[in-house]
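A short worksheet on the structure shown next.
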Amino acid sequence: MLKRAAVAVLSFSLVACANLSTQSLFSHYSAANSQAHQAMQQGQYQQALEALPDAPAGDILDGMEKGRVGFVAQHYPESFAALKVSDNAVKQQQREAVLQVSEGFNQAGSLLTNDNMITYKPADYELGFLHLYLSLNYLQQRDLEGALVEVRRANQVQEAAKREREAELGRAEQEARRKGLDQNLGAVLARYPDVGADLGNVQNGYLFYFSGVLYEADGDLNSAYIDYKRALAVAPDNVFVADTVLRLATRMGMTDDLKQLEARYGKYQAPSRNQGRVVIFDEQGVVAAKDSWRLPLWLYDRHGNGAVYNLALPYYGNTVAPRFSPLKMDNQPLSSSNLSNINGMAQYSLSEELPVIVLRRALRVLAKDQVRQSASRGADDVGNVLANIFNTLTEQPDTRSWQTLPAKVDVSHQMLAPGKHAVTWNGHQVDVDVVAGRTTMVWVSRQGNQLTGWSVLLGDS
């Protein structure tokens, strides 16, 4: 009976795996995506687009990857369509208040295979970038209203995701105590490599400052001021963000804020009215991909048969920020300052999710070992050997993440005379039109030796 039960459980697991590719069952996302990730790092955008694996992670993540790569490759309609597919899949996922039967099936299958069986849920920062790139698509099409809708939605979806994640963490802690695994989880976490968690990586300064630029262009100074101040809280040493907050605080008569701002940053120096403002967002490099970290665990049954289980966990290794020479405006080097560190945001997100991940791994080890013991009749039983092989091959880390995002984003701005100007770098050029009293936004992305970008004339400066 035990033998038949074990075979039934293994069969159920394999049936549950039927909707996975071989890559998902016996490997992991970072391995499948390595060619596209490398091509992006080298600035080979078309090759990266062609190398993206075919739907290994579902509509949400696949749409994000294709949308971002398509955008830097200047395939704007394809980028927009892919991001909309991802957005619609996120909407559907968030509408589901309870797990459906299909998701329960995936969860059950994951107990005997790996976490790649579980439907992908994007991290908070990834949801923010999804709407940021949708907004950039609208803006590239000169649709300010559509761009504004997306930055408003960005905060809403991130808040909803945050509440859901906190609830999931609470459920995981309760389950760990119920199973008597809370101390075991602590022991695993103590041995896990440092993921570089930093509270400063919780918020996306890029999204805040970008939304502030859009709100100001639309004449909504109150919303612009709020998001500019949020960006300053994330990047308090960014002189360009500080100057922007000072400018709006002066314009809006924020007396109390001005006292504190001027004490740290000095007084705002108003420029000539005969100039236009140019704001440049400079995306650099490619965010790090998750790697695999394994902790071997030995368990023995009543026959003395030993089985080794690799507790496979995702982690980020040491990352080095990309270094690029300065952009040039009209052949003069531009100074800039960091606005967002996406590597840090990704690492912090993983550190928040880690207790839930480790609990699932611990439960899976227990489930696999019970099946192995049920299938084993003695010291030389072939069922024990096969179960060990199956367990080893299918224990893969969940390395799914949005791996084509930039590694960091810098910002700069300056006042220029009306007329034609140009941002240049490494033989590439983005034309910039400047109008007195108005703001021109420039977006560029740099990977390897390549630069792609565009500019758009907005409202009052």
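Values quoted throughout were computed directly from the atomic coordinates according to the rules given, and no laboratory measurement underlies them. No experiment lies behind these values; they were computed from the predicted model shown. When we count neighbours, we look across all protein chains shown, and the Cβ atoms used for this are built from the backbone with ideal geometry, even at glycine.
Take the cross-link list 84/229; 229/328; 91/408; 290/408 and give me the ones stretching past 19 Å between alpha-carbons.
Numbers: 84/229 30 Å; 229/328 28 Å; 91/408 27 Å; 290/408 17 Å.
Over 19 Å apart, Cα to Cα: 84/229; 229/328; 91/408.
Label point 7 Å out from residue 457 along Cα-to-Cβ: which residues of the range 415-443 have amide N under 13 Å?
So the set is 418-421, 432-441.
Going by how many other Cβ atoms sit within 10 Å of their own, how do 244, 439, 424, 255 line up, fewest first?
Numbers: 244 26, 439 20, 424 16, 255 8.
If I rank by nearby Cβ atoms, fewest first, I get 255, 424, 439, 244.
Given a Förster distance of 22 Å, report the FRET efficiency between residue 145 and residue 41 from their Cβ-Cβ distance, rounded to the nearest 0.05. Each step should come with its number before you reach the end.
Working: r = 35 Å, r/R0 = 1.60.
Computed FRET efficiency for residue 145 and residue 41: 0.05.
Counting other beta carbons within 10 Å of each Cβ, put 96, 150 in order, fewest first. Before the final figure, lay out each step's value.
Numbers: 96 10, 150 22.
Neighbour counts put them in this order, fewest first: 96, 150.
Just to confirm a number: summing +1 for Lys and Arg and -1 for Asp and Glu over residues other than residue 290 whose beta-carbon lies under 10 angstrom from that of residue 290, what do you get? Please report the intermediate quantities before stating the final value.
Details: positive: 400; negative: 291, 398.
Computed value for this residue: -1.
Give me the extension gain from residue 233 to residue 264: residue separation times 0.36 nm, minus the current Cα-Cα distance, reported in nm with one decimal. Write out the running numbers ahead of the final one.
On the way: separation 31, 0.36 × 31 = 11.16 nm, distance 1.32 nm.
Result for the pair: 9.8 nm of gain on full extension.
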